[in-house]
Amino acid sequence: MRVEALQPFVAPDVPPKGQAAATVNAGETGAVLEVGGKALPLSRVNPLDELFRQTPDIQLATEDSYLRALTDVHSVDEDVRQWLTFSLADEEYALNIETIDEICKPREVTEVPNAPPFVLGLISLRGKIVPVYDLRSRLQLGAVEATAATRIIVCQTENKIVGLLVDSITQVVRLADDEIEPPPMVLSGLDRDMLDGVGRSQDRMIILLNLNNVITIDRD
């Protein structure tokens, strides 16, 4: 980015006591500075206007930026963790980014006989067979209604891999340990086990999920 510099200006000698001070007036060719009866032209280039004129358009976040963030986990302080936040039934949830392999658009699934209602079926992803859960249904929040923003978050923990269908991806946030509170005491049993805690970021409350317990079917 280049901003044209103003021409150097050397102030004239201070006028003797009793003479008029310097004034700025409009001339035929632009603003002029009058000092001691002499008219000195001023540059019409406003450096601030020129700066904004040269600034490129802001680039909005894309799925690629989320994926790049997934690979940046080692740059975070030890007491700070990154979380991928997403929307479910107008609420904001999150998963620890270290458990996420990728984000993809929904695709056709192969149904599995006698599977729980929240298991939508199987997909083939890069040579791997991946079961897909409707995360809304898994958390007893109804079912995900597919839109252009709907995504599958492919997660892996220990020897398990699963895709979680969510309403939409929100962003990646960083939470320090002191910004995470334990699950509320009003929850018990399975509901409480599915939570890692509740995070607070910029006056937002984010529900942090425990992936191991979310994807383990035999807990029901």
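Exactly one condition in (1) within 19 Å of Phe118 (Cβ to Cβ); (2) under 25 Å from the mean Cα position of the chain (by Cα); (3) surrounded by 12 or more Cβ atoms within 10 Å (Cβ to Cβ); (4) modelled with pLDDT under 95 is not met by Asp167; state its number.
Status for Asp167: all satisfied but (4).
Select from the range 78-95 the residues that are farther than 15 Å from Tyr133 by Cβ and buried (at least 19 other Cβ atoms within 10 Å of the Cβ) and list them in ascending order.
Arg81, Gln82, Trp83, Leu84, Thr85, Ala94
Among the numbered criteria (1) within 22 Å of the chain's Cα centre (by Cα); (2) modelled with pLDDT under 90, which single criterion is violated by Thr216?
That leaves (1) as the condition not met.
Residues to consider are Pro116, Pro183, Pro131; find the one that is within 14 Å of Tyr93 (Cα to Cα) and in the same structural domain as Pro106 (by TED's automatic domain parsing).
Values: Pro116 fails: within 14 Å of Tyr93 (Cα to Cα); Pro131 fails: within 14 Å of Tyr93 (Cα to Cα).
Going through Pro116, Pro183, Pro131 in turn, just one is within 14 Å of Tyr93 (Cα to Cα) and in the same structural domain as Pro106 (by TED's automatic domain parsing): Pro183.
With Ile217, Ile152 as the choices, which residue is in contact with a strand residue (DSSP E or B) (Cβ under 9 Å, 6 or more places away or on another chain), in contact (Cβ under 8 Å) with a residue 40 or more places away in the chain and more than 18 Å from Thr85 (Cα to Cα)? Don't jump to the end; show me each part of the working.
Working: Ile152 fails: more than 18 Å from Thr85 (Cα to Cα).
From the options Ile217, Ile152, the qualifying one is Ile217.
The values are calculated or read from the model by the stated rules, or taken from the named source; none is laboratory data. Since this is a predicted model, take the numbers as computed values, not measurements. Glycine gets a Cβ as well: all are built from the backbone with ideal geometry, and neighbour counts include every protein chain shown.
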